[in-house]
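The structure appears right after this line, and notes come after that.
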Amino acid sequence: MSSHTHVHGAYEEPESPEVISRRQWMANATIAISGIIGLTLAIPIVGSLVPDVGSGGATWTPLDENGWKQLQSATDKAVQIDINLKSKDAYLPAQSAPQSVWGIKVKDPQKFMRDRKDLFAADNKDMLPYPVVTMGFVLFSPICPHLGCYYQYKSDTNSFFCPCHGSTYDEYGARTGGPTARGLDPLPLREQTGVAQVEWIRYAPTVPNRLVISYTS
Ligand code: FES
């Protein structure tokens, strides 16, 4: 009897503002998600909109040992590190493709955060769902965020330059010129039993935000 009364009472209880606002939020989120789904249908291979480190098709790839050593002893210059990217496909045997990533030592984390406002929220929290700076290093995808060419490093000016359409980036990968809409894309880095590993992510070109299109190539 008392439990019946209780349930009945709960039914009649007006919804708290919290419940209402959560409901409103869900409604807004649904609208936003519908928009995102529409957008991603236009992208051929969609892993996930937000990278989920270590899952969702993503795999960790060991860094070339020499490159990693070079990076650890680096001070000012960017270091190109070879990796052997394994791709998994349900219908084909595992394949590996040579790739490389660019590594930099972050000597001045405060400057890095000021320089790369596209990667940090106002409270200095990472905007991407993984730490951008790990063990004092940042790894950049070698792919220009404009239209996907491989950019180059200019040692004399300690900056990056893309030969395709002239996008330029400073030592910390911030956009300094050209048609690119964003700075260089950092990749997740971790250390596992003495081996440094990177997670390969290919982000959509052209757009200012980072949308994942592939974890494999
Ligand atoms: S692809 Fe690099 S500037 Fe266009």
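The values are calculated or read from the model by the stated rules, or taken from the named source; none is laboratory data. This one's a predicted model, so the numbers in the text were calculated from it and none came from an experiment. Here the Cβ is made from the backbone with ideal geometry for all residues, glycine too, and neighbour counts use every protein chain on show.
If you go through region 102-134 and pick out every residue that is touching a residue at least 40 places away in the same chain (Cβ under 8 Å) and exposed (fewer than 12 other Cβ atoms within 10 Å of the Cβ), you end up with 1. Looking only at region 122-135, decide whether some residue is part of a strand (DSSP E or B) and among the aromatic types (Phe, Trp, Tyr). No: zero hits. Consider region 138-158 and keep the residues that are more than 16 Å from the ligand (Cβ to nearest atom) and in contact with a strand residue (DSSP E or B) (Cβ under 6 Å, 6 or more places away or on another chain). The one that is farthest from Ser217 (Cα to Cα) is Val138. Quick check on region 159-170. Is at least one of its residues outside any helix (DSSP H, G or I), more than 16 Å from the ligand (Cβ to nearest atom) and assigned by TED's automatic domain parsing to the domain that holds Asp185? Checking region 159-170: not a single residue is outside any helix (DSSP H, G or I), more than 16 Å from the ligand (Cβ to nearest atom) and assigned by TED's automatic domain parsing to the domain that holds Asp185. Restricting attention to region 171-208 and to residues that are of a type in the set (Gly, Ala, Ser) and more than 20 Å from the chain's Cα centre (by Cα), the residue that is farthest from the ligand (Cβ to nearest atom) turns out to be Gly194. Restricting attention to region 136-158, the residues that are assigned to a strand (DSSP E or B) and of a type outside the set (S, T, N, Q) add up to 8.
Of the residues in region 144-152, not one is exposed (fewer than 14 other Cβ atoms within 10 Å of the Cβ), assigned by TED's automatic domain parsing to the domain that holds Ile83 and touching a residue at least 40 places away in the same chain (Cβ under 8 Å).
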